[in-house]
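What follows is a short report on a single structure.
Bear in mind these aren't lab numbers, they're just calculated from the coordinates by the rules spelled out. Since we're looking at a predicted model, the values are computed, not measured. Neighbour counts run over all protein chains shown; Cβ positions are idealised from the backbone, glycine included.
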Amino acid sequence: MRIDVVTIFPGYLAPLREALLGRAIGSGLLDVAVHDLRDWTHDVHQAVDDSPYGGGPGMVMRPQVWGDALDAVLAADERPARLVVPTPAGRPFTQADAHAYAAEERLVFACGRYEGIDQRVVDHYADALPVDEISIGDYVLVGGEVAVLVVVEAVARLLPGVLGNPRSAAEDSFSDGLLEGPSYTRPEVWRDRPVPDVLRSGNHGAIARWRRDRALERTVARRPDLLAALPPDALDKKDRAL
Ligand code: 6GU
């Protein structure tokens, strides 16, 4: 998969080269290029923003600079791309989106700062390729860069070969619509707290049942919205005993 990021703070994306993602890049599963938006500015001040039409606080990122940057970045590779624009005004990015993005050949991220990017940029590119304005949660960040780190990590771990054990992705929180329950490792007792007996029982049926119950319990307590969104057949008779 090819990933391009356009930003006025290329250094913010340095963590993409670390750890799991760095290994995915090193092994050729992921190809990441970070571009400085200011390379496409037209004036000596390298201005990327201007005051908003209609008034109001903050600055809006100029469409000409973004247009030149995205034209160049999109043209530099022939693979079909999806353009992703992180914004607190976007639709929520979910695990389902992460799976859909993992099936794409190419993602191009446009990181806005200030009050956002002139809307005509999104509208223009949406005529030619799939464009998503996405949010990573109900809070406001100063720019899209950290959201890109979040989205790229969520996507990259789903690419075949990136995780050591593919079951990690198959069995994590959200894969069955529930939060994952608690996990334990050695020692058997730590600060007077024992590992739940059932996990050491060797009874795989009982362990699966216990894990399912803990997942349901946790989802009821922390994310009742997820439970309400499950398809009607997602819970069976034994689950309903909760
Ligand atoms: Cl994607 N961008 C910004 N600037 N703030 C956010 C966000 C994105 N998602 C939540 N807050």
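What the table below lists for this structure:
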read-out: Selection count, region 151-165, where residues are over 15 Å from Glu104 (Cα atoms) and buried (at least 18 other Cβ atoms within 10 Å of the Cβ); value: 1
read-out: Test result for Val150, away from the ligand (no atom under 16 Å from the Cβ) and under 30 Å from Val73 (Cα atoms); value: no
read-out: Residues within region 196-217 that are of a type outside the set (A, V, I, L, M) and within 16 Å of Glu171 (Cα to Cα), tallied; value: 7
read-out: Leading residue by the ranking (farthest from Ile3 (Cα to Cα)) among those in region 133-142 that are surrounded by fewer than 18 Cβ atoms within 10 Å (Cβ to Cβ), within 6 Å of the ligand (Cβ to nearest atom) and of a type outside the set (A, V, I, L, M, F, W, C); value: Tyr139
read-out: Residue count, region 88-128 (criterion: more than 15 Å from the ligand (Cβ to nearest atom) and part of a loop (DSSP other than H, G, I, E, B)); value: 6
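Yes/no per residue for (1) among the basic types (Lys, Arg); (2) in contact with a His (Cβ under 6 Å, 6 or more places away or on another chain); (3) closer than 29 Å to Ala98 by Cβ:
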residue: Glu171; (1), (2), (3): no, no, yes
residue: Leu178; (1), (2), (3): no, no, yes
residue: Val195; (1), (2), (3): no, no, no
residue: Gly202; (1), (2), (3): no, no, no
residue: Arg218; (1), (2), (3): yes, no, yes
residue: Leu230; (1), (2), (3): no, no, yes
residue: Asp233; (1), (2), (3): no, no, yes
